[in-house]
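The values are calculated or read from the model by the stated rules, or taken from the named source; none is laboratory data. All of these numbers come straight from a predicted model, not from anything done at the bench. Backbone-built Cβ (ideal geometry, glycine too); neighbour counts: all protein chains shown.
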Amino acid sequence: MTSFLLSSGLSVTNTVGCLFLLALGIILVVKGGDWFVDAASWIAEVSGIPTFIIGATIVSIATTLPEILVSSIAASQGSAGLAIGNAVGSVNCNIGLILAISLLFIPSKFKRKDYAAKMALLLIAISVLWAVSATADKVVNWWEALIVLAIFLAFMTENLLSAKKHSSQLAIEEPVEAPDSVKFDNATSNGSGVSVSGNGVLSYYAEAQNSKLLTIKRTGMVIEKADIGKNILKFIIGAGCIVLGAQLMCDNGSELARIASVPEDIIGVTILAVGTSLPELVTTITSIAKKKADLSVGNIIGANVIDISLILPLCAFISAGKFGTTLPISAQSAVIDFPFCLAVAAVAVIPALIAGRFKRWQGAVLLAGYVAYITLLVLNTVQIVHIF
């Protein structure tokens, strides 16, 4: 077996070891992403950043951080097939597999005004990139990347405006008062502890509890001191796991493709795409179990817009900055990946916008289409059929 040396210094001599490190990378990315999102949201909230900004920016980008890092690292290593395949493949997996599962179990209703702009931007982003890939040179130039990036900025602006509107509506509601049994002593503990008179055991316990709490002056939030170090540690470890996991996925994905003589594009739209889409899959399964399918749909739509409108421009800028070249679009991406991406997005979005709800038949069509898409890629790879 061919031996190679990973950037992390680990030597792998067989396909099994390569698959193991690839799986380890996926685990690190998924778990690291979970820690990073939780810690980033907590730190932002405690620091006084409005909740609507946290949800519309930090969380929405953080949930797609695995795809962003995997594609960016692949682009920096000159593996354009992995970079583009992971981004487009994640969208195809999110819609054709994950959204399909959600719709098959719980086809949900939604408010058109909450989703119309996001869905339109998703279709526009995919259409623009497909148009770029269909050109004679089949590359993404820096100025074309700027056009796509403008769609991402429009998406973030719409997110902020929408979230601010919802935040204003919630602010009108009556606040819930604390029960009478809970009394805070602002004079002695600055709003961070329970007031208990006397010198007995209860007083000692109250003082001990108060010493563990801290009031943030800017926001008035009462937090446990231990939570500060815990969340900073989760933030650092989470970010580190994502970076290391993304590197392992790129290194071993490329090597696996070379060992098995499988095009990088195939690895990108299958193994890497499914691996980096695991957070969305977990969210969908949890949402189904809690009968909250609308959470899954919103998460998937937002993640797809970011995957298309942010990741590919970033890869184009990295390619131009590091290699002085444009980002090449493979025949697979131009002929199969982008057309399928637009098709499944249209099947998921257009009927839903017309009816104001998703239907179960959409889930069945999307899942059948995804199976057909993967089958077609495999048949073309083993040369049973010849498409590109």
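Here are a few things to note about the model shown:
- Contact map, segment 13-35: first residue farther than 16 Å from CYS250 by Cβ and in contact (Cβ under 8 Å) with a residue 40 or more places away in the chain, second residue basic (Lys, Arg) and assigned to a helix (DSSP H, G or I), Cβ cut-off under 7 Å, separation 6 or more or different chains; pairs are TRP35/LYS234.
- Residue, surrounded by the most Cβ atoms within 10 Å (Cβ to Cβ), within segment 357-388, restricted to residues that are closer than 19 Å to ILE301 by Cβ and small (Gly, Ala, Ser): GLY363
- Filter result (of a type in the set (S, T, N, Q), crowded, with 18+ Cβ neighbours inside 10 Å and not in a helix (DSSP H, G or I)) within segment 317-356: THR326, SER330
- Residues in segment 127-141 that are of a type in the set (Gly, Ala, Ser) and free of Cβ contacts under 8 Å to residues at least 40 places away in the same chain: ALA131, ALA136.
- Qualifying residue in segment 100-119 (condition: within 21 Å of ARG357 (Cα to Cα), polar (S, T, N, Q) and in a helix (DSSP H, G or I)): yes
- Pick from segment 235-247, criterion within 14 Å of ALA74 (Cα to Cα) and surrounded by fewer than 24 Cβ atoms within 10 Å (Cβ to Cβ), ranking: modelled with the highest pLDDT: LEU244
- Selection status of LEU97, farther than 30 Å from VAL139 by Cα and either charged (D, E, K, R) or modelled with pLDDT of 75 or more (or both): no
- Test: residue in segment 109-123 that is touching a strand residue (DSSP E or B) at 6+ places or on another chain (Cβ under 9 Å) and either over 14 Å from ALA316 (Cβ atoms) or modelled with pLDDT of 90 or more (or both): yes
- Residues that are basic (Lys, Arg) number at least 3 in the following helices (runs of 4 or more DSSP H) confined to segment 223-281: 225-259.
- Annotation note: Cβ proximity below 7 Å between a residue of segment 270-295 that is within 10 Å of ILE98 (Cβ to Cβ) and charged (D, E, K, R) and a residue that is part of a helix (DSSP H, G or I) and modelled with pLDDT of 70 or more (sequence gap 6+ or interchain) occurs for GLU280/ASN94; GLU280/ILE98; GLU280/ILE300; GLU280/ALA303.
- Note on segment 137-164: among residues that are surrounded by 13 or more Cβ atoms within 10 Å (Cβ to Cβ) and charged (D, E, K, R), the one that is modelled with the lowest pLDDT is LYS164.
- Scope segment 258-303; condition modelled with pLDDT of 80 or more and within 19 Å of PHE110 (Cα to Cα); matching residues: ILE300, ILE301, GLY302, ALA303
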